[in-house]
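Notes to accompany the following structure.
The values are calculated or read from the model by the stated rules, or taken from the named source; none is laboratory data. A quick note: this is a predicted structure, and the numbers were derived from the prediction, not measured. Using ideal geometry, Cβ is built from the backbone for each residue, glycine included, and neighbour counts are taken over all protein chains shown.
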Amino acid sequence: MSFVPGGEQRLWRTVTRKKYQLRRNKVRLHNQLEARLEEAHLKLSSLVSDLLGASARRMLQGETDPAVLAALADQRLRATSMQLRDAVGACTELNPVYPRLVKMALEELRLIEEQIGQLDQEIAGLLHQHQDAVQRLAEVPGLGVDSAQPIIAEVGAKAATFPSAKNLSSWVGACPGEEESAGVNYSPRSPKGNRNMRRLLNQAANAAVKPKGSIFEIVSRRLVPRLGHNKTIGAIAHRICQLIWMILYKGVRYEERGPAVSEQSKRVRTLRMIRTLRKLGYQVELQADPT
């Protein structure tokens, strides 16, 4: 089916897709920075889990003394001072061009992060009246606020264009093909559909199967021996697509059905989501369960 959204929703799409492009640029610059450090024989990434974390950024500001660089690391860093001095020992013989290139990369990364933060506020403002829909979608395993906002931008706050979950799955391209003859399906491939939604669903499916004991992890273990990993992720993405339609179109909330998901893990995930919503300017209050 063809779906041409209204002007307001097209603006949502423009902002959320721009944010995705910036995040891709950030990943690209992160990889380039790591390659530049490896070229300069600075093995910092082998000892620092996040090359763009606070410790790594302090150590990449231009200091060349290995002892001083090691002292700039956070005390919670697992690597010892001796290991850090060995990793950045090449700084004393480093060509001065490398620090300048690293500084340029860090400045570009800082600018991209500022722009992403500005777009976060723009998206939150544009979708402020649909806060409840964002919150209900963010409760689905594998999703979150960062995924709920672009999903609403793609399908609408109430998915009103799609009269059934099957219509939405077909438009997204999250269902197998139906080129049948004499009861035989000759093309099980999914249609192309909406590329942005398929990307979001595949990311959500890969994230949803990780929590132990969740319903998606159980379904994944049951399907992988028969379908393999890729087709299993496609099947779970299809289920998540159907959930999205039910949550938006019918206004319901997600309920976890997995037997081994603890109350503590649910509480931690809920608190994390509420912090993210409040950071974006939404008003969220945590209410006690009456039961």
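Of the residues screened, A205 is one that is at pLDDT 85 or above and under 30 Å from D120 (Cβ atoms).
Restricting to region 142-164, name every residue that is assigned to a helix (DSSP H, G or I) and farther than 15 Å from G6 by Cα. Across region 142-164, the qualifying residues are V145, D146, S147, A148, Q149, P150, I151.
Tell me whether region 41-50 contains one or more residues that are loosely packed, with under 13 Cβ neighbours inside 10 Å, at pLDDT 80 or above, assigned by TED's automatic domain parsing to the domain that holds E114 and of a type in the set (S, T, N, Q).
no
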